[in-house]
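The structure appears right after this line, and notes come after that.
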Amino acid sequence: MSKLQPARGTRDIYGDDARHMTMVVDTFKRVAASYGFEEMVTPIFEFTEVYKRPLGEASDIVSKEMYSFEDRGGEEITLRPEFTAGVCRAFISNGLQQNLPCRFMSHGPAFRYERPQKGRYRQFHQINAELLGSDAPESDVDMLSLAWRILSELGISDDVVLHFNTLGDVQSRTQYRDALVAYFSKHKDTLSEDSKRRLTTNPLRILDSKDASDKEIVANAPLISGSLTDEARSFFDTVRRGLDVIGIPYHHDERLVRGLDYYTHTAFEFVTSALGAQGTVLAGGRYDGLIEQLGGPVTPGIGWAGGIERLAMLSQAGAAPARSVVMMPMGDAATLKAFALAEGLRRNNFTVTQDRSGNLKKRLNRANKASARFAVVIGDNELENGVVALKDLDTGTQQEISFDRLASAIQESNK
């Protein structure tokens, strides 16, 4: 093996990439907590049925993208392709229906077998928010507000546009399905093979087809607005008024749909043109039938997920590494004192490293290359006098500071 590489569609994350992704997660957790969300950590793999049942065997995720395998006990297991089904399974397994409404935030890796490209990996990472137990349109506004606030805190709200639509209630979707079947049946001979299959299983999925000839047919397909009930229209109007009051700009995209049967009412995507073809950075919708489909009680829900890699690519400003203080003890006795001083600085929230090899010139060169802010030099003379030589690597100035004043002196120089 000439050169050991990570598996295709995966990557090692470190340095600036790791800092940017951590910033996204930290911002998400802080903002979501202010909306009353609590963290939920679900297993990274589930029984395959947890994903296959709600997503449907005919869906691309199940038929083409899931990492599924039989474990040594003969169980059918799938690596997490998305968060919602696992969170809903956990809601059922732990009897959390007594605590409604529930607000859960999650984050971590997910896995799909897709063609790797910019911002898309086979192991990728998501932030995820779910609100379970409320069927009020105001909850949809809350979830959109949460997403918008996170994008704003990341400094990227000016780079994204909210596209959203209504999928109506169950009656609306039934009427819309009939209208689509009637329309697409007239074009059956020119539909792709996948769309021909979907015509009988779930015609809404044809609207998401990437096939060029399908797209031409879809362009003239009926819109769901012609099939909405009065109740569904009222629900959608309430969500729109809420967005207007909060001041979230949006585009009513009547072609935006979700093909899975459990989706109802609000569907949305936050889209950017800054990342090329992979423009969606956060998306979700209302799924009032999902928990029931998994075998749980009738429980409405709405949720969304955002791609951490894509969000990090958009929000790379403001994630600079903490500039460190480098301890440079010269000799064994000084090394012991440096341990104590370093711990004292860390308790004052400074980032501290130690460099104990080479002459002072080499150590200072390494500190400058690492963009450290301060060097703390301790030799025999400093030990005898109870001081350190504190060198500001930005200005080149140096001063003697007593041991007990080291933290305060660094704080003052940082101002």
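The values are calculated or read from the model by the stated rules, or taken from the named source; none is laboratory data. Here the structure is a predicted model, which is why all the values come from computation and not from measurement. Here the Cβ positions follow ideal geometry from the backbone for every residue, glycine too, while neighbour counts run over all protein chains shown.
Do the conditions hold for residue 375, that is, is it outside the structural domain of residue 28 (by TED's automatic domain parsing) and part of a strand (DSSP E or B)? Working first, answer last.
Numbers: outside the structural domain of residue 28 (by TED's automatic domain parsing): yes; part of a strand (DSSP E or B): yes.
Judged against the criteria, residue 375 is a match.
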Look at the range 9-22 and say how many of its residues are exposed (fewer than 10 other Cβ atoms within 10 Å of the Cβ) and assigned to a loop (DSSP other than H, G, I, E, B). 2
Return only the number of the condition from (1) under 30 Å from residue 222 (Cα atoms); (2) assigned to a helix (DSSP H, G or I); (3) free of Cβ contacts under 8 Å to residues at least 24 places away in the same chain; (4) among the hydrophobic types (A, V, I, L, M, F, W, C) that residue 342 does not satisfy. (1)
From (1) of a type in the set (A, V, I, L, M); (2) free of Cβ contacts under 8 Å to residues at least 12 places away in the same chain; (3) in the same structural domain as residue 282 (by TED's automatic domain parsing), pick out the condition that doesn't hold for residue 182. (3)
Only one of these conditions is not met by residue 234: (1) more than 21 Å from residue 136 (Cβ to Cβ); (2) hydroxyl-bearing (Ser, Thr, Tyr); (3) free of Cβ contacts under 8 Å to residues at least 24 places away in the same chain. Which number is it? (1)
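Which of the following residues is surrounded by 12 or more Cβ atoms within 10 Å (Cβ to Cβ), of a type in the set (Gly, Ala, Ser) and more than 14 Å from residue 328 (Cβ to Cβ): 389, 407, 372? I'd like the intermediate steps shown before the answer.
Details: 389 fails: more than 14 Å from residue 328 (Cβ to Cβ); 372 fails: more than 14 Å from residue 328 (Cβ to Cβ).
Just a single option satisfies the conditions, and that option is 407.
Name the single residue, out of those in the range 123-176 being assigned to a helix (DSSP H, G or I) and aromatic (Phe, Trp, Tyr), that is farthest from residue 274 (Cα to Cα). Give the steps one after another, and end with the answer.
Of the residues in the range 123-176, the ones assigned to a helix (DSSP H, G or I) are 137-153, 157-159, 170-176.
From what's left, aromatic (Phe, Trp, Tyr): 148, 176.
On the way: 148: 17, 176: 34 Å.
Selected residue: 176.
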Do you know which residues across the range 151-165 are more than 12 Å from residue 311 (Cβ to Cβ) and touching a Leu at 6+ places or on another chain (Cβ under 6 Å)? 163, 165
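Taking the stated definitions as given, is residue 274 modelled with pLDDT under 90, under 24 Å from residue 153 (Cα atoms), under 26 Å from the mean Cα position of the chain (by Cα) and outside the structural domain of residue 87 (by TED's automatic domain parsing)? Lay out the reasoning, then the answer.
Working: modelled with pLDDT under 90: yes; under 24 Å from residue 153 (Cα atoms): yes; under 26 Å from the mean Cα position of the chain (by Cα): yes; outside the structural domain of residue 87 (by TED's automatic domain parsing): no.
No; evaluated as a whole, the condition is false for this residue.
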Please state which one of 133, 56 is touching a helix residue (DSSP H, G or I) at 6+ places or on another chain (Cβ under 8 Å), in the same structural domain as residue 299 (by TED's automatic domain parsing) and at pLDDT 95 or above. 133
